[in-house]
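I am attaching a structure below and will ask some questions about it afterwards.
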Amino acid sequence: SAVGCVLATYFGAMDRGYDTYMVREAIFSHNTDYTNMIRNITTALPLRFVELNLKVLSGDLKKLKEMSAETLRTDYGITTPDQLNIIGYKLMFKDRLAEAIIVMDANLRLFPDEPNCYDSLGDAYERNDQKDLALSHYEKACLKAKGKNDPYLQAYEKNYRRLKVSQK
């Protein structure tokens, strides 16, 4: 039962400190609305993406560095920048910063026009004490955001200004 057992197992594992992944194709309920609700609550991911996520988190980053943008799109179903950001930030929170940079860089290869990809890579560089690279990526996020009238422009500008001031 997606509504009972699946949710209880998912949140129980999270409460115990496990990395949890809900596979989108593995959730099913007698009611389509319930299925969709569970997918949304758990941020269910496509199976191919969970596979990539587990490979990356288990240290298989060399493959990610070598994968073309097309392979990431077709073989792993990467369709939005948020998908790789999930992996990158999980790595950052585990203090695996060099690996997070690889993931965020792959995301930027896939989505070179997305301001958030520059901002996220800037965040990874900043946490890794590579301030010049961070500043450059924050600046690019601002420029891209201005060109797209991005609603997060103020957040990108705040990151840029904060780091710029701290380097003086």
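The values are calculated or read from the model by the stated rules, or taken from the named source; none is laboratory data. Remember, it's a predicted structure, so these values are computed and weren't measured experimentally. Cβ placement follows ideal geometry from the backbone for every residue including glycine, while neighbour counts extend to all protein chains displayed. These accessible areas exclude ligands, DNA and RNA; they are computed on the full protein's heavy atoms, side chains included. Shrake-Rupley method; radii C 1.70, N 1.55, O 1.52, S 1.80 Å.
222 nm [θ] for the chain, helices only, -39500 (n - 2.57) per DSSP H run of 4+, per residue, to 500? Mind showing how you got there, number by number?
Values: 10 runs with 116 residues, N = 168.
Result for the chain, helices only: -21000 deg cm²/dmol.
Over the stretch 23-81, with every protein chain in place, what whole percent of the accessible area is carbon and sulfur at 1.4 Å, could you tell me? Before the final figure, lay out each step's value.
Details: 1840 of 3460 Å².
In the stretch 23-81, the share of accessible area belonging to carbon and sulfur is 53 percent.
In straight Cα distance, which lysines are under 17 Å from Lys94, not counting same-chain residues fewer than 8 positions off?
Lys55
Modelled label-to-label distance, Asp19 and Leu47, 7 Å Cα→beta-carbon offset: nm?
For Asp19 paired with Leu47, the spin-label model returns 2.0 nm.
What is the set of long-range amide H partners of Val23 at a cut-off below 5 Å, with H atoms built 1.01 Å from backbone N?
Under 5 Å from the amide H of Val23: Leu45.
My understanding is that a pair violates if its Cα-Cα distance is over 31 Å; which of Lys63/Lys146; Lys62/Lys158; Lys63/Lys144; Lys63/Lys158 do that in this structure?
Values: Lys63/Lys146 34 Å; Lys62/Lys158 33 Å; Lys63/Lys144 28 Å; Lys63/Lys158 34 Å.
Going by Cα-Cα distance, Lys63/Lys146; Lys62/Lys158; Lys63/Lys158 fall outside the 31 Å limit.
Classify the stretch 51-158 as rounded, prolate or oblate from the Cα gyration tensor: take a ≥ b ≥ c as the square roots of its eigenvalues, call it rounded if a/c is under 1.5, otherwise prolate when a/b beats b/c and oblate if not. Could the numbers behind the result be given before it?
On the way: a/c = 2.17, a/b = 1.35, b/c = 1.60.
In terms of gyration-tensor shape, oblate.
Rounded to whole Hz and in sequence order, give me ³J(HN,Hα) for the stretch 104-113 from the Karplus expression 6.51 cos²θ - 1.76 cosθ + 1.60, θ = phi - 60°, writing x for Gly and Pro.
5, 5, 4, 4, 5, 4, 6, 10, x, 9
Within the stretch 49-108, which trypsin sites (Lys or Arg not before Pro) sit in a loop by DSSP and count at most 14 neighbouring Cβ atoms inside 10 Å?
Values: sites: Lys55, Lys62, Lys63, Lys65, Arg73, Lys90, Lys94, Arg96; in loops: Lys94, Arg96.
Here the trypsin sites (Lys or Arg not before Pro) that fit, given the DSSP loop and packing criteria, are Lys94.
Work out the length of the dipole vector of the chain about its Cα centre, built from +1 on the beta-carbon of each Lys and Arg and -1 on the beta-carbon of each Asp and Glu, and round it to the nearest 20 debye.
Working: 24 positive and 23 negative charges, 78 e Å.
Using Cβ point charges on Lys, Arg, Asp and Glu, the chain gives about 380 debye.
Now for a different question. Summing Lys, Arg as +1 and Asp, Glu as -1, what charge do residues with Cβ under 14 Å from the Cβ of Phe111 carry, Phe111 excluded?
Numbers: positive: Arg73, Arg109, Lys140, Lys144, Lys148; negative: Glu70, Asp82, Asp105, Asp113, Glu114, Asp119, Asp150.
With Lys, Arg at +1 and Asp, Glu at -1, the neighbours total -2.
At 1.4 Å probe radius, can you tell me the per residue accessible area of the stretch 110-157 in Å²?
Heavy-atom SASA per residue in the stretch 110-157 reads 52 Å².
Starting at the first residue of the stretch 66-73, write each ³J(HN,Hα) from the Karplus equation 6.51 cos²θ - 1.76 cosθ + 1.60 with θ = phi - 60°, in whole Hz, x for Gly and Pro.
8, 6, 6, 4, 5, 5, 4, 5
Given Val103, Thr79, Leu143, which one lies farthest toward the positive end of the charge dipole of the stretch 36-168, if we put +1 on the Cβ of every Lys and Arg and -1 on the Cβ of every Asp and Glu?
Towards the positive end, the residue furthest out is Leu143.
Calculate what fraction, in whole %, of the accessible area of the stretch 128-168 sits on carbon and sulfur atoms when a 1.4 Å probe is rolled over the protein chains. Present the calculation step by step, with values, prior to reporting the outcome.
Details: 1460 of 2930 Å².
Answer for the stretch 128-168 is 50 percent, counting heavy atoms of protein chains only.
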